[in-house]
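Have a look at the structure below before the remarks.
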Amino acid sequence: METIDLINGVPLGTAARPATAGDGGEERRKKRRREGRGRPVDPKALEEVRALLREEPRRRDLLIEHLHKIQDHFKHLSAAHLTALAEEMRLSQTEVYEVATFYHHFDVVKEGEAAPPRVTVRVCDGLSCELAGAQNLLTLLRNGAYGDGVRVVPAPCVGRCEVAPAVLVERNAIGNATVAGVDAALEGKHFGAAMPAYVDYAAYRAGGGYETLRACGGGERTVADAIAAMEHSGLRGLGGAGFPAGRKWKIVGAEAAPRLMAVNIDEGEPGTFKDRWYLERDPHRFLEGMLIAAWAVGIAEIYIYLRDEYAHAREILTRELAALQAAPPIKLPPIHLRRGAGAYICGEESAMIESIEGKRGMPRLRPPYVAQVGLFGRPTLEHNMETLYWVRDILERGPDWFASHGRRDRKGLRSFSVSGRVQKPGVHLAPAGISVRELIDEYAGGMLPGHTFYGYFPGGASGGILPASLGDVPLDFDTLTPYGCFIGSAAIIVLSDKDSARKAALNMLRFFHDESCGQCTPCRVGTAKAVTLMQADEWDKPLLDDLAKVMTDASICGLGQAAANPFLSAIKYFPEEFK
């Protein structure tokens, strides 16, 4: 197998240029970093960085991990520490600075600026939390007497929509948050949500877990049979794109080795929290599915990318991966757990790959596709966490079991993240093709008392908004296309007669504007212009329509291409709000 060389960011299969005797190139570069270009290296800062990194490799792809170490320890990133990190990793100061300033969770402090308070309280202002009173909570907390050691800031969706409003005190999550709850967390009386009870490695093995993986690795199952089962089941990617999973295994498996795998758990779409829900309850079911996929495709190394807001999930995965690796059911490929840093755009597969490589999370132009040229330049199998969660059940129970679920001629199960004006928000496992009206009545406990069903987002922020009159449309891939919407990651946000589709659309456009990576003009400028137009008392509909066409046609990735859906559907389906 071809050697995987990650040193200094060199692509796999590519050798670094050897230094020739007497050229002095490395010494000259070191001298320029110290004396010529950029800030000089502060010896104390360099010593502090080295103490934090210890024996960790100084590879380019670990830049974000190392930035986290500094941020976690000092609660900010000073210019001196960034310069020292650049020196230690043999990178230019520009490379380190541009990555550090790209991500929301890194606090870069320029020379002469004051460091931020050591404690940050993030109040989610996503739509589900806004419906639950987040703006009022944010105002109350900002007016609180917390002193200079605490700052209160708004934050995009933190993936806890079922317990809105949600607050993060540092990385500690508080659901159904109140001022008293935040005060208690700041005083150290509790630290937000308790670690959930979950099925650990021992319990999972005792219940028959990893037997399917053992059978695969032991030759009792064939790759061809496993892929055929996946194809017959009809399982499609459950992160939003909906690409058939079995077909993806075939495509990547046909590429030249070494092949890599990237698991996307950066669910930042407002209204989406299903991946966290499963990770905090049954993490090994996902891990077994991941390893079966790796076996079927011939994967050399696996990278798991987890959003930074999921501190409990990261702790669980760290602990359970260690247990799995200590007593593996079969020989395992290397598994790397990587930490996001607060960037919704990294939910896009190629942006996630850029981030794993230690860069800014900016989407790549395609082709080539990540299945051909992905992580570190190698063919890459990219999957959403929930897609892999179902692999074990499909192979054990048979593809017909999965395909037998569904309504209105649709096949499979869907994990709906339901939030908003319902009595039982949460993840509800329901048949594909169910309608939102059925989902509300049969699974979510009905509407809140005093609230009448008015409208809904069928697929998170980018899936558009539909009125209650279209509440019987089947919820599945492709069924919403005739209405200008899509199911995406199945994030359902329910609106009532107390809400405004117009205001909900504005909330979503503010989110898109804040989260645009800025790489392409249609998205960067278009989202900003849309927010300005939508803040007016009377919307300029022709101009918004023109703007939508440019954003949809010319944006590089799905963020800009779908950002117009909320305001287009609000105009189309809620005309009473624009009279």
Protection proxy ranking of 396-402, 163-169 - average other beta-carbon atoms within 10 Å, highest first
163-169, 396-402
Applied in sequence order to region 47-57, the curve 6.51 cos²θ - 1.76 cosθ + 1.60 (Karplus, θ = phi - 60°) yields integer Hz couplings, x standing for Gly and Pro, of 5, 5, 5, 5, 5, 6, 7, 6, 8, 4, x
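Let me know the shape class of region 512-557, please: from the alpha-carbon gyration tensor, a ≥ b ≥ c as square roots of the eigenvalues, rounded when a/c is under 1.5, otherwise prolate if a/b is greater than b/c, or oblate.
In terms of gyration-tensor shape, oblate.
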Sorted by chain and then number, the residues having a modelled amide H within less than 5 Å of the amide H of Phe243, at least 5 places away or on another chain, are Gly237
Once you have the alpha carbon radius of gyration of the chain, what is it after dividing by 2.2 N^0.38 Å, with N set to its residue count?
0.98
Run through all the Cα pairs of region 54-193 and give the fraction in each 10 Å bin from 0, expressed as whole percent.
11, 36, 28, 19, 5
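Once you sort the root eigenvalues of the Cα gyration tensor of region 230-340 as a ≥ b ≥ c, which label holds: rounded (a/c under 1.5), prolate (a/b larger than b/c) or oblate (the other case)?
It comes out oblate by the Cα gyration axes.
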Where only alpha carbons of region 50-137 are counted, the Rg and the Dmax (Å)
15.8, 48
Ratio of Rg to Rh for region 456-531, alpha carbon only, Kirkwood?
1.01
Sequence of Met230, Met195 when ordered by accessible area, the most exposed leading, probe 1.4 angstrom
Met195, Met230
If you count, for each residue, the other Cβ atoms within 10 Å and average over each peptide, how do 319-326, 568-575 line up from highest to lowest?
568-575, 319-326
Find the cysteines in the chain that fail to meet the 4.7 Å Cβ criterion with every other cysteine, and list them.
Cys157, Cys161, Cys216, Cys346, Cys485, Cys517, Cys520, Cys523, Cys557
Semi-axes of the equivalent ellipsoid of region 115-251: what are they in whole Å, largest first, if each equals the square root of 5 times a C-alpha gyration tensor eigenvalue?
45, 20, 12
Using a 7 Å offset from the Cα along the Cα-to-Cβ direction at both Ala206 and Lys541, what is the distance between the two label points in nm, to one decimal?
6.3 nm
Can you give me the distance in nm between label points at Glu55 and Lys424, each placed 7 Å from the Cα along the Cα-to-Cβ direction?
5.1 nm
Here the net charge surrounding Phe453, from other residues whose Cβ is less than 13 Å away from its Cβ (Lys, Arg +1; Asp, Glu -1), is -2
Name the long-range amide H neighbours of Arg171: under 5 Å, sequence gap of 5 or more, or other chain; modelled H, no Pro or chain starts.
none
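Distance check, please: which entries in Lys75/Lys503; Lys110/Lys529; Lys110/Lys549; Lys411/Lys529 exceed 32 angstrom between their Cα atoms?
Checking Cα-Cα distances, Lys75/Lys503; Lys110/Lys549; Lys411/Lys529 exceed 32 Å.
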Whole Å is fine, so just give me how far the alpha carbon centre of region 213-249 lies from that of region 341-399.
16 Å
Measuring from its Cα centre, region 282-397 shows a charge dipole (+1 at each Lys and Arg Cβ, -1 at each Asp and Glu Cβ) which, in debye to the nearest 20, is 280 debye
Calc'd 3J(HN,Hα), region 94-101, phi into Karplus 6.51 cos²θ - 1.76 cosθ + 1.60 (θ = phi - 60°), Hz, glycine/Pro = x, comes to 5, 4, 5, 5, 5, 6, 4, 7
Mind listing the long-range amide H neighbours of Arg259? Cut-off is under 5 Å, sequence gap 5 or more, other chains count too, H placed in the peptide plane at 1.01 Å from N.
Ala300
Helical mean residue ellipticity (222 nm; -39500 (n - 2.57) per DSSP H run of 4+; nearest 500) of the chain
-11500 deg cm²/dmol
Gyration tensor (alpha-carbon) shape descriptor, region 438-574, a/c threshold 1.5:
prolate
From the phi of every residue in region 547-562, what ³J(HN,Hα) in whole Hz does the Karplus formula 6.51 cos²θ - 1.76 cosθ + 1.60 yield, where θ is phi - 60° and glycine or proline is x?
4, 4, 5, 5, 4, 5, 7, 10, 6, 6, 10, x, 4, x, 5, 10
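Give, rounded to the nearest 20 debye, the magnitude of the charge dipole that region 507-558 has about its Cα centre when Lys and Arg contribute +1 at Cβ and Asp and Glu contribute -1 at Cβ.
The calculated dipole for region 507-558 is roughly 160 debye.
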Give me the net charge for the shell around Glu170: Cβ to Cβ below 10 angstrom, other residues only, Lys and Arg +1, Asp and Glu -1.
+3
The orientation-averaged projected area of the Cα convex hull of region 99-171, in nm², is 5.6 nm²
Give the carbon-plus-sulfur fraction of the accessible surface of region 65-133 in %, rounded to a whole number; probe 1.4 Å, heavy atoms of protein chains only.
47 percent
Percent of beta bridges antiparallel (DSSP, the chain, rounded to nearest 5):
40 percent
With label points built 7 Å along Cα→Cβ from the Cα atoms of Glu111 and Lys579, find their separation and express it in nm.
6.3 nm
Accessible area per residue in Å² at 1.4 Å probe, computed on the chain:
40 Å²
Given Cβ point charges of +1 (Lys, Arg) and -1 (Asp, Glu) and nothing else, what value in debye, to the nearest 20, does the dipole of the chain about its Cα centre take?
840 debye
Of the candidates Ala311, Ser404, Gly237, the farthest towards the positive dipole end of the chain (Lys/Arg Cβ +1, Asp/Glu Cβ -1, centred on the Cα centre) is Ala311
Please list, or write none, the lysines whose alpha carbon is within less than 17 Å of the alpha carbon of Lys274, excluding same-chain residues fewer than 8 places away.
Lys424
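The values are calculated or read from the model by the stated rules, or taken from the named source; none is laboratory data. What you are looking at is a predicted structure, and each value in this text was computed from that prediction instead of being measured. As a convention, Cβ positions derive from the backbone with ideal geometry for all residues, glycine included, and neighbour counts pool all protein chains shown. SASA here: full protein model, heavy atoms, side chains in, ligands and nucleic acids out. Shrake-Rupley method; radii C 1.70, N 1.55, O 1.52, S 1.80 Å.
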